[in-house]
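What follows is a single structure, written as structure tokens, with notes after it.
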């Protein structure tokens, strides 16, 4: 979702459930802003649009991993095979006998399903998924694990990896923009930015050593800050420190060596890192589409 | 998201496991969960007339009322001309009827499970409400049955007083906090 100037406001999902029904999710901290944004645009037009905040009505669960389909198959009658429920599809169906919404999406780079069940019956759904997944070694994972996994995929978090000047091209998600649509908020600004090219881009990097730079640390060149780290984690899967950083477009070249300050501000020593413009994990996206 | 189909899976309260209000000495204040309810919000220019036709009588914006539908009690909260919340303890028995109502000029969205209804009563309930809510909900300020939308212990709530007791509706995800905050203040008021 972008504003009139083509600035990223939020990164949620939109599922069309019927001719005139949509289910919209927002980032965790963006609900009020997105809700106001939608209402503002609705109020300013003669379109009949009703918006209901159903945040507290549903509990969302993300079932992710190579065995996710095997687990889900045990608790739903919906056709969830690869062609029955394709990547980005959405279906209303029963999960463990509870009416729910299943979205075939995820944020962690694996075959994944987002399951939205009524909050007052969600514990039952959770328990059923855990029971069904026991033979596959299913385990709960939380936000810390999710943050590492999404970083391995170089998925940006709007608000953390972006700021009030970030557009989709600079943030590396211009593939999400449907430029052939006749109109949407921010279309002209995004098209203009694409013509000129971004001055700074968000790019992945991997550290040469084991040090993990602080989030907010500077990327320096000859003692001068030329960029900043927005996310950084140790990846147990890759056995190296990885991150995302804003860099001058000329520096955001795959394989380029950059220098990252390990502390914030002017504090701390520096260490070399290598720019990686493709996801560290499953760069072709085969796993999420499997 | 429609949940039109029935399920045998029991509901779980957002307040499961919360501490009780306190000692039996607090007979001047009683706090309990009401419901669970099936709930829908009906929006659009035709919302109020549509529900009024069900109620077979007039509805007033901002005044809670009840009516009967298919032998079940329907609790009607006309928030605005174009926004009416209906609730029932019928546990699925009115779902098909409610969701089949929709002419083109209304939208009907189920809220079931997303809200928690608390009831505060007792002879000191009014006094406690002056601490819980910055808006004056006393009989001097609002008539019985008037819907007040105001912060309740800092969270968004819809509040109706009738016969000295308060019905308070909050979002499920803040219900536990609201209960514990109210209970804590109730204990203080009773000590």
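The values are calculated or read from the model by the stated rules, or taken from the named source; none is laboratory data. Every value quoted in this text rests on a predicted model; they were computed, and no experiment measured them. Neighbour counts are summed over all protein chains in view; Cβ atoms, including those assigned to glycine, are modelled from backbone coordinates with ideal geometry.
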Looking at this structure, is residue B:80 loosely packed, with under 13 Cβ neighbours inside 10 Å and at pLDDT 90 or above?
yes
Looking at B:114, B:92, B:164, B:121, can you tell me which residue is at pLDDT below 95 and surrounded by 15 or more Cβ atoms within 10 Å (Cβ to Cβ)?
B:121
Determine, yes or no, whether residue A:137 is surrounded by 21 or more Cβ atoms within 10 Å (Cβ to Cβ) and either more than 14 Å from chain B (Cβ to nearest Cβ) or modelled with pLDDT under 95 (or both).
no
Taking the criterion of being without any contact (Cβ under 8 Å) to a residue 24 or more places away in the chain and touching a strand residue (DSSP E or B) at 6+ places or on another chain (Cβ under 8 Å), would at least one residue in the stretch A:244-256 satisfy it?
yes
So is residue B:99 surrounded by 13 or more Cβ atoms within 10 Å (Cβ to Cβ) and at pLDDT 90 or above or not?
no
Quick one: count up the residues across the stretch A:257-284 that are part of a loop (DSSP other than H, G, I, E, B) and either more than 30 Å from residue A:63 (Cβ to Cβ) or touching a residue at least 60 places away in the same chain (Cβ under 8 Å) (or both).
14
If we ask which residues in the stretch A:28-57 are surrounded by 15 or more Cβ atoms within 10 Å (Cβ to Cβ) and either modelled with pLDDT under 90 or over 24 Å from the mean Cα position of the chain (by Cα) (or both), their number turns out to be 1
Residues that are away from chain B (no Cβ under 14 Å) and either under 20 Å from residue B:7 (Cβ atoms) or exposed (fewer than 14 other Cβ atoms within 10 Å of the Cβ) (or both), drawn from the stretch A:58-69
A:61, A:63, A:66
If residue B:120 satisfies every condition in (1) within 14 Å of chain A (Cβ to nearest Cβ); (2) in contact (Cβ under 8 Å) with a residue 60 or more places away in the chain but one, which is the exception?
(1)
